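Each reported figure results from applying straightforward, stated rules to the coordinates on display, with no laboratory input. Computed from a prediction, not measured in an experiment: that's the story for all the values here. Methodologically, a virtual Cβ is constructed for each residue, glycine included, from the backbone with ideal geometry; neighbour enumeration extends over all protein chains shown.
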Amino acid sequence: MSIEVDARGLSCPEPVLMTMRQLNAIPSGMIKVLVSNAAAEENVSRLAENKGWKVKTEKDGENTILILTK
């Protein structure tokens, strides 16, 4: 299962809350989270890792794509 969370342009805690909803909705799979600031990148990554998900980071211009897998 693959889900995309578009949190570009949003400030914390909104990207974290949006991601948390998806992490709680599926036990495993892939979630792609798009963020546009360093604080959101760090906070979403920390949340995912604390819940046992692996995080891969890719830059896309000014945005960051976090690929969460479990």
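The table that follows gives values for the structure above.
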{"item": "Considering residues of region 1-17 that are among the β-branched types (Val, Ile, Thr) and within 9 Å of the chain's Cα centre (by Cα) only, the residue farthest from residue 33 (Cα to Cα)", "result": "16"}
{"item": "Positions within region 6-43 being under 15 Å from residue 70 (Cα atoms), in a helix (DSSP H, G or I) and in contact with a helix residue (DSSP H, G or I) (Cβ under 8 Å, 6 or more places away or on another chain), in sequence order", "result": "19, 20, 23"}
